Amino acid sequence: MSTQPLSNQPRPMDFESGSMRRNTARRSATNYFVSGLCILATVLVILPLVAILFYLIYKGASSLNLAFFTHIPAPVGEVGGGMANSIVGSGIVLFLASLMGIPIGIAAGVYLAEFGRGKTLATAVRFTADVLNGVPSIVMGISIYSLIVVQQKHFSALAGGVALAIMMVPTITRTTEEMLATVPHAIREAALGLGVPKWRTAISVSLRTASPGIITGCMLAFARVAGETAPLLFTAFGNQFWSFKLSEPIAALPLQIYVYAISPYDEWHRLAWAGSLVLIVLIMVSVTLVRIFANRGVLKGGS
Amino acid sequence: MGVGILVEDLNAWYGTTHTLQDINLHIPANHATALIGPSGCGKSTFVRCLNRMHETNPIARATGIVKMGDIDIYNDASPVEIRRRVGMVFQRPNPFPTMSIYDNVVSGLKLNGFRNRRILDETVERSLKQAALWEEVKDDLKKKSGASLSGGQQQRMCIARALAVDPEVLLMDEPASALDPVSTSKIEDLIFQLKSQYTIVIVTHNMQQAARVAENTGFFLNGKMVEFDSTHKIFTNPRDKRTEDYITGRFG
């Protein structure tokens, strides 16, 4: 037992003492150092995007004009022409892909997180999704070619949509599962305790609570397949003319860029740069739009 | 109006852990019944057996008979039906974060497909008044998220949410343990008023709380119900030595 008054004893948090002051200085130096590293990493992440964007503007902006957005490609040897059919074609193929890929992906994710805990089927689905995520896109193209194109005996927009949809599914499934796992169990219990059936709890409570993250996952998957060329080579095939039929070959921006970029003509090279710029801007615009609408609650699934 | 609950030979397990052993108990209608006991003694498991929430855990199971009025809840009805008749308030307020105050209160109705605007409006007002929250939130029912309220307000909103589906029994699993003293006393007042209309079962760690709100009290220890009697008797003249030790603070 010490008889000394408490104030004379060294206290662990004595800010007056020299050692404490030195400690504080060291800590704030470490703090600045680590913060600096984080900012540096952020810059390094943003840098490539900015670099790509500026290079595309430098190379492609000069070839952009109204005709680019309103005309179809000009025949070989003629100047001018645009990518109107490719822009619309990409839109159609991506819409088809989202229409198939997003519901299937989300549904599978809901199964994994809400119903499949510890089940063999869930383990199999999770493994399949991870492997599917790693399948090279060219392999996906060839598979859909033999599964759909060969059966139908012609290339088609539908086949392109299916190929992209299958590429979207694993990303969406895994993000949906991860996002649902972050929803507190107490919220599910609240719904179950009110006599809400389990399926309704999964959809109206868990899924709705996790929706911002799931929307981000869908956007990631969308942006990833929007620029894919390889799966479309053997499925949508490309088209130099307008086509709105799902059963016919359809033009797509990445395909058109590819065709122009490997051509021997300077004029076509410039158009390829312009096409790349348009593709990136369109992806950025659609992702931003979805984000704005999602934040407004339009996509949060009203009750 | 509330109904009485009759529990016969109730046993419950989590995996191989025998959490509840041979519980026999009659909970009278339109009274508040408190369940006390040290942490891990099975009180929470017991109330979760009364609305079949226990079985939502895949490794949990229960045997025995629980009768609510004439209904054997494990044999005569689905868990979903039972949970609509037995409201539950949890230890921590658990509002639906994406829903407004209004939608939180009527979530039990809306999520079960009920859409009549006028009845929903009336239910919101009635339930929030019953939960003594109406005056505080009536101006931003649809503007504010349920999660933006204070902890005590959230808990009263959760009580309103449970009352909105018009249950016969209200289970409260330590409803005030995460709240400050002012909010706690509001919740206790509420229990006092609600018990004329509902059968209330309240789990609590706070023995003064049990003494203040409940007519009857059960003492749980290690998965068994040691003693069940009027609250007055439990706190003044318990039959069992272990009950006496617990309420006098000798353990737990």
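The numbers here are math on the coordinates, done by the rules we state, and not lab data. What you are looking at is a predicted structure, and each value in this text was computed from that prediction instead of being measured. So basically every Cβ, Gly included, is an ideal-geometry build from the backbone, and we count neighbours across all protein chains shown.
Put a dot 7 Å past the Cα of residue A:27, heading toward its Cβ, do the same for residue B:215, and the two dots end up 5.7 nm apart. In a reduced charge model with +1 at each Lys and Arg Cβ and -1 at each Asp and Glu Cβ, the stretch A:69-294 shows a dipole moment near 760 debye about its Cα centre.
Against chain B, whose longest principal axis comes from its Cα atoms, helix B:151-164 is set at around 90 degrees. Less than 5 angstrom separates the built amide H of residue B:19 from those of B:12, B:13, B:14, all sequence-distant by 5 or more or on a different chain.
Show that you can apply the helix-only estimate: for chain A, add -39,500 (n - 2.57) for every DSSP H stretch of four or more residues, divide by all residues, and state [θ] at 222 nm to the nearest 500.
Result for chain A: -21500 deg cm²/dmol, rounded to the nearest 500.
For each pair in B:129/B:186; A:198/B:195; B:144/B:195; A:198/B:110; B:144/B:186; A:153/A:245, compute the distance between the two Cα atoms and list the pairs where it is over 18 Å. Listed pairs above 18 Å: A:198/B:195; B:144/B:195; B:144/B:186. Do any chymotrypsin sites (Phe, Trp or Tyr not before Pro) in the stretch A:206-303 lie in a DSSP loop with no more than 13 other beta carbon atoms within 10 Å, and if so, which? Sites meeting the loop and neighbour criteria: A:241, A:242, A:244, A:265.
Across peptide B:156-167, the average count of Cβ atoms from other chains found within 10 Å of a residue's Cβ is 1.
Here the Karplus relation 6.51 cos²θ - 1.76 cosθ + 1.60, evaluated at θ = phi - 60°, turns the backbone of the stretch A:235-241 into coupling constants of 10, 6, 6, x, 7, 7, 10 Hz, with x for every Gly and Pro. The residues packed around residue B:56, meaning those with a beta-carbon under 11 Å from its beta-carbon, carry a net charge of +3 if Lys and Arg are +1 and Asp and Glu are -1.
Close amide H pairs (under 5 Å, H built 1.01 Å from N) link residue B:60 with B:15, residues at least 5 positions away or on another chain. Among beta bridges identified by DSSP and lying wholly in the protein assembly as shown, the antiparallel ones come to about 60 percent. In this simple spin-label model, placing a label point 7 Å from the Cα along the Cα-to-Cβ direction at both residue B:72 and residue A:181 gives a separation of 4.2 nm. Shown in residue order for the stretch B:105-113 are the 3J(HN,Hα) couplings computed by the Karplus curve 6.51 cos²θ - 1.76 cosθ + 1.60 at θ = phi - 60°: 5, 9, 4, x, 6, 5, 6, 9, x Hz (x for Gly and Pro). Full extension of the chain between residue B:59 and residue B:140 yields a length gain of 25.0 nm, computed as 0.36 nm times the residue separation minus the alpha carbon distance. Report the Cα centroid-to-centroid distance between the stretch B:28-60 and the stretch B:149-192 in angstrom, as an integer. Centre-to-centre distance over Cα atoms comes out at 17 Å. Cβ-to-Cβ counts within 10 Å put B:143, B:129 in ascending order as B:143, B:129, the fewest first. Hydrophobic long helices, here whole DSSP H runs in chain A with Kyte-Doolittle means of at least -1.0 and Cα atoms spread over 18 Å or more along the helix axis, are found at A:18-60, A:84-110, A:120-134, A:157-181, A:208-226, A:266-296. For chain B, the longest principal axis of the C-alpha atoms and the axis of helix B:181-194 are separated by about 90°.
Amide H contacts under 5 Å for residue B:89: B:171, B:172, B:173, restricted to partners 5 or more places along the chain or on a different chain, H placed in the peptide plane at 1.01 Å from N. Every helix of 4 or more DSSP H residues in chain B counts as -39500 (n - 2.57), and over all residues that averages to -9500 deg cm²/dmol at 222 nm. The mean number of Cβ atoms from other chains found within 10 Å of a Cβ in peptide B:92-100 is 5, as a whole number. Legend: mean number of C-beta atoms from other chains within 10 angstrom of residue C-beta atoms, peptide A:194-202, equals 6. Among B:100-107, A:130-137, the peptide with the highest mean count of other Cβ atoms within 10 Å heads the list, and the full ranking is B:100-107, A:130-137. Computed extension gain for residue A:285 through residue A:95, at 0.36 nm per residue and net of the alpha carbon distance, reaches 66.9 nm. Computed on chain B, the Cα convex hull volume stands at 123 Å³ per residue. In angstrom, the C-alpha Rg and Dmax of the stretch A:69-294 are 20.2, 72.
The peptide list A:146-157, A:183-194, put in order of mean Cβ contacts within 10 Å with the highest first, becomes A:183-194, A:146-157.
Couplings 3J(HN,Hα) of the stretch B:128-145, computed from phi: 5, 5, 4, 8, 6, 10, 3, 4, 6, 10, 4, 8, 10, 4, 9, 8, 9, 6 Hz, in residue order, whole Hz [Karplus 6.51 cos²θ - 1.76 cosθ + 1.60, θ = phi - 60°; x for Gly and Pro].
Put simply, when A:278-285, A:57-64 are sorted by average Cβ atoms within 10 angstrom per residue, most first, you get A:278-285, A:57-64.
Mind running the shape call on the stretch A:147-220? Use the C-alpha gyration tensor, a ≥ b ≥ c as the square roots of the eigenvalues: rounded below 1.5 for a/c, prolate if a/b tops b/c, oblate otherwise.
Values: a/c = 4.51, a/b = 2.60, b/c = 1.74.
Prolate is the answer for the stretch A:147-220, as a/c is 1.5 or above and a/b outweighs b/c.
Computed on the stretch A:69-294, with alpha-carbon pairs under 8 angstrom and 6+ residues apart, the relative contact order is 27 percent. Between the stretch A:223-255 and the stretch A:58-135, the alpha-carbon centres lie 10 Å apart.
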